[in-house]
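First up is the structure itself, then whatever we jot down about it.
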Amino acid sequence: MKNNKYIINTVVVVLLSMFLINCADDDNAEVFDESPAERTNAQKQELRTALQSSDTGWKAVYFTSPGELGGFTFFFNFLDDETVEMTSDFDDDFTVTKSKYDVVLGSTIKLSFTTKNDIHKLSDSANPPDSGLIGRGYLGDFEFLYYGIDEATGDLIFRTNRTQEEVRFTKATTNEVQNIIDSKAIALELTDSEKSVYQNVIVTIDGVTEVFDFSLNVNRRFIDISNDSDSYSFGIAYNEAGFTVSPALEIKGQEISEFTYNVEADKFIADLGSGNTAEIAFLDAPSNPTDDNLVVVQPDNAYGYIDDFLFEATSSSARFKALRNSVNEGLSPFDFSLSRVQFFFTIEGDETFNYIEYRFLNAVDGSIIQLYHFVTFENVDGKLILIDDGWSDASLAPFVEAIDSVLTNSEGLYIKQENFTVRFPNTVFTFTSAADPSFRMTTYAFQ
């Protein structure tokens, strides 16, 4: 009897196992009803359909490398399975241009922009924002791995193929291209050095105010702020109302992610709630002046503005560039142009020999004329004051008056040793007019 029960139990177990195996086979048959190629093609078409689902196109704010670069705003309109229109705020060309795209298989389904358009400007290694990124460009990508749709917002979620930075495509507004154009006007309000090269950030939290020096790398769209106790760095992306911040700036527990431009106050303001604010405003003088004016006037020190390398430096202000152009207009009938402005200080006991050298280059034969404005100097209230002491050739002085009158203005110059370089490893010093804070000249130190 016991053996019979054992046999019956065994038969039941075997039948049950066969049933479960058959069920599993049925499930597998259902899961793998399509071949891998068919499933991949279905996923590709799913993305193509999603890309084409917005009648107004898509907007993407792309921060290529949040630790060192700001963000750029793109407009995409996917017309069919291979054609896309796009433009961006990368430069001042807002033409909506057609190009090709494809959806391919990488480590996952991937959106690839296959022919040249605005998105490729960020990945062009021959077009860096400054000397610090020579050979790397703006660190951008033109291939994006697809990670699905955010059910809450409808955003298409991507990650860059090389660096895995998240990029979201948000459904564009009907006037998105105009918004991008308007954002450039906002950028000018923040970068308008015709107002002043000096800006600061004033943060008020719980009734306590902190003031930070503000330094914007225009090409990188990257900001450094600092005071005696703290420093922060963050990238920005312009929009039609102001700019967003990434990574978000956190000061004393308050997160600052967006500034809005207030036209009446000519300030960028972040309303943090409960009376807490952060403001960016232009100043007439540095909020934390250095004593680098004392560093400059040391024996055998030279500081040279070299036109070939420093005219395009972001630290050379628009006002300085305009005056340099004015000097060149006066020199052009004689085939000369301004190639260098250099300060030189010789201090040996009681003897001093200091001058501003203006160097003119002849475009025809390469000859050089050197004009010297001899000066004495004083250091007063953190400023270097240069005092007229005669010319090597007074007849040539009118050619450089536009710049020289600023450098020798009785209100003096604010000097700053910068923490960046321009093309070469030489230390950079900037000379900013106390009388006209929109004038800033960039120089290399030759010490």
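Per-residue ellipticity at 222 nm from helix content only, as computed over the chain with -39500 (n - 2.57) for each DSSP H run of at least four residues, stands at -6500 deg cm²/dmol.
Report, in debye and to the nearest 20, how large the dipole of the chain comes out about its Cα centre when Lys and Arg carry +1 and Asp and Glu carry -1 on their Cβ.
Working: 31 positive and 72 negative charges, 309 e Å.
Roughly 1480 debye for the chain.
Just so you know, the Rg over Rh for the range 288-447 is 0.94, from Cα atoms, with Rh as the Kirkwood radius. From the phi of every residue in the range 218-226, what ³J(HN,Hα) in whole Hz does the Karplus formula 6.51 cos²θ - 1.76 cosθ + 1.60 yield, where θ is phi - 60° and glycine or proline is x? Coupling constants for the range 218-226: 4, 5, 7, 6, 9, 10, 10, 10, 7 Hz. Computed over the chain, relative contact order equals 11 percent, with contacts defined as Cα pairs under 8 Å that lie 6+ residues apart.
Calculated over the range 53-203, the projected area of the Cα convex hull averaged across directions stands at 11.1 nm². Counting every alpha-carbon pair across the range 340-416, the share separated by more than 14 Å comes to 64%. Rg and Dmax, both from the Cα atoms of the range 141-200 and both in Å, are 17.0, 46. Give the distance, in whole Å, between the Cα centre of the range 45-93 and the Cα centre of the range 225-247. After rounding, the separation between the Cα centres reads 24 Å. For the chain, the solvent-accessible area of protein heavy atoms averages 50 Å² per residue (probe radius 1.4 Å; ligands and nucleic acids excluded). Between the helical axis of 2-31 and the longest alpha-carbon principal axis of the chain there is an angle of about 40 degrees. Taking 25 Å as the straight-line reach from the Cα of residue 416, the lysines in range (excluding those fewer than 8 positions away in the same chain) are 195, 267, 321, 383.
The range 80-186: which GluC sites (Glu not before Pro) are DSSP loop and have at most 16 other beta-carbon atoms within 10 angstrom? Could you put the intermediate results ahead of the total?
Details: sites: 82, 85, 143, 151, 165, 166, 176; in loops: 82, 151, 165.
Passing both the DSSP loop test and the Cβ count: 82, 151.
With contacts taken as Cα pairs under 8 Å and at least 6 residues apart, the range 376-417 reaches a relative contact order of 47 percent.
Assuming a viscosity of 1.306 mPa s and a temperature of 10 °C, what translational diffusion coefficient in µm² per second does Stokes-Einstein assign to the chain, Rh being the Kirkwood radius over Cα pairs? The calculation lands on 61 µm²/s.
Once the mean 1/r over all distinct Cα pairs of the range 209-290 is inverted, what Kirkwood radius in angstroms do you read off?
Numbers: mean 1/r = 0.0743 Å⁻¹.
Taking the inverse mean of 1/r over all distinct Cα pairs, the range 209-290 comes out at 13.5 Å.
Split the accessible area of the chain by element, probe 1.4 Å, and carbon with sulfur accounts for 49%. For residue 116, a cut-off of 19 angstrom between C-alpha atoms picks up these aspartates and glutamates, skipping any fewer than 8 places away in its own chain: 80, 81, 82, 85, 89, 91, 92, 93, 102, 124, 141, 143. Oblate is the label for the range 277-355, because a/c, from the alpha-carbon gyration tensor with a ≥ b ≥ c as root eigenvalues, is 1.5 or above and a/b does not exceed b/c.
The values are calculated or read from the model by the stated rules, or taken from the named source; none is laboratory data. Keep in mind that what you see is a predicted model, and the values were worked out from it rather than measured. Cβ atoms come from the backbone with ideal geometry, glycine included; neighbour counts cover every protein chain shown. Ligands, DNA and RNA are stripped out before the accessible areas are found, and what is left, the full protein with its side chains, is counted by its heavy atoms. Shrake-Rupley method; radii C 1.70, N 1.55, O 1.52, S 1.80 Å.
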